[in-house]
1. In segment 100-118, whose amide N lies under 11 Å from the spot 7 Å out along Cα-to-Cβ of residue 89? List them in ranges.
2. Sort 92-98, 189-195, 144-150 by the packing proxy (mean of other Cβ within 10 Å over each peptide's residues), most packed first.
3. Once label points are set 7 Å from the Cα along Cα→Cβ at both residue 202 and residue 121, what is their separation, rounded to one decimal in nm?
4. Which FRET efficiency value, to the nearest 0.05, is calculated for residue 132 and residue 231 with the Förster distance at 22 angstrom and r the Cβ-Cβ distance?
5. At 0.36 nm per residue, minus the direct Cα-Cα distance, what do residue 172 and residue 193 gain on full extension? Give it in nm, one decimal, please.
6. Taking the chain as a Gaussian network, Cα atoms linked when under 10 Å apart, which of 249, 216, 70 shows the biggest mean-square fluctuation?
7. Please find the FRET efficiency linking residue 14 to residue 49, where r is the Cβ-Cβ separation and R0 is fixed at 22 Å, and quote it to the nearest 0.05.
8. For segment 2-273, divide the Cα radius of gyration by the Kirkwood radius and give the resulting Rg/Rh value with two decimals.
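Laboratory data are not the source of any read-out in this text; all were calculated from the coordinates shown. Just so we're clear, the structure is a prediction, and the values are computed from it rather than from any experiment. Ideal geometry is used to build each Cβ from the backbone, glycine not excepted, and the neighbour counts take in all protein chains shown.
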Ligand code: 7PJ
């Protein structure tokens, strides 16, 4: 399977690693805008050196309980970073649900939109359809502000799959070809630990929708709930979860710890291809 991603063609016959680059001011330092910019650029180059196949750049935290960021603030954060990375060897994905940010980011050089809102905002389908970029359609229940308050499903696996199937159809109708679309069950987005574990256990079924599956489990609270570890001590759990996702068909894993994930994937690839 191949993913068309602007001028890139991603070969998904082997799982790919998407490295996370947050362009959000560090609340523990008093660094200004330039600090935020330069540490994001530095981090991006490090992730490429570590073996990232693509980068996911985000200017608004979508973690549970996080505050929304204004459109202009988000643009001011991410555009200089995307422009600053022009010419890098891997595709850049923009993590946003805002159509204005999607359009500007693609114009600045991004070739994929990673939307936790699955292009449901007004104008989002059109923003992606008007480009050659790829898109990741993610499931969530509720908003980042409220989603962990009371996640509720009859059958989480089939409800998430039905939603994604419908969003793929809507995206195709809007003119986004199937070979530009990725789906993601949205671990941690309006899900209890049990829901997240069900989704990971049954992840293979999502491949039946006929588009590549992306899994984002890195450092998430579900891993903390299982291990009792703080967010910065979830490396082993994150790598284990990413490998479980890959073994269940995930084509792309979205991770913070690229180097370690790439090493682990090399073992899987060696065994599978040996
Ligand atoms: C995800 C994401 C995810 C996709 C975030 C975090 C929260 N995009 N953006 N999938 N998670 N596609 O990284 O903990 O799981 S932000």
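1. No residues fall inside that zone.
2. 92-98, 189-195, 144-150
3. About 3.0 nm, to one decimal.
4. Once the sixth-power term is evaluated, E becomes 0.05.
5. Length difference between fully extended and current span is 4.3 nm.
6. Largest GNM mean-square fluctuation: 70.
7. Efficiency computed from Cβ-Cβ geometry: 0.70.
8. Values: Rg = 17.2 Å, Rh = 18.5 Å.
The Rg/Rh ratio comes out at 0.93.
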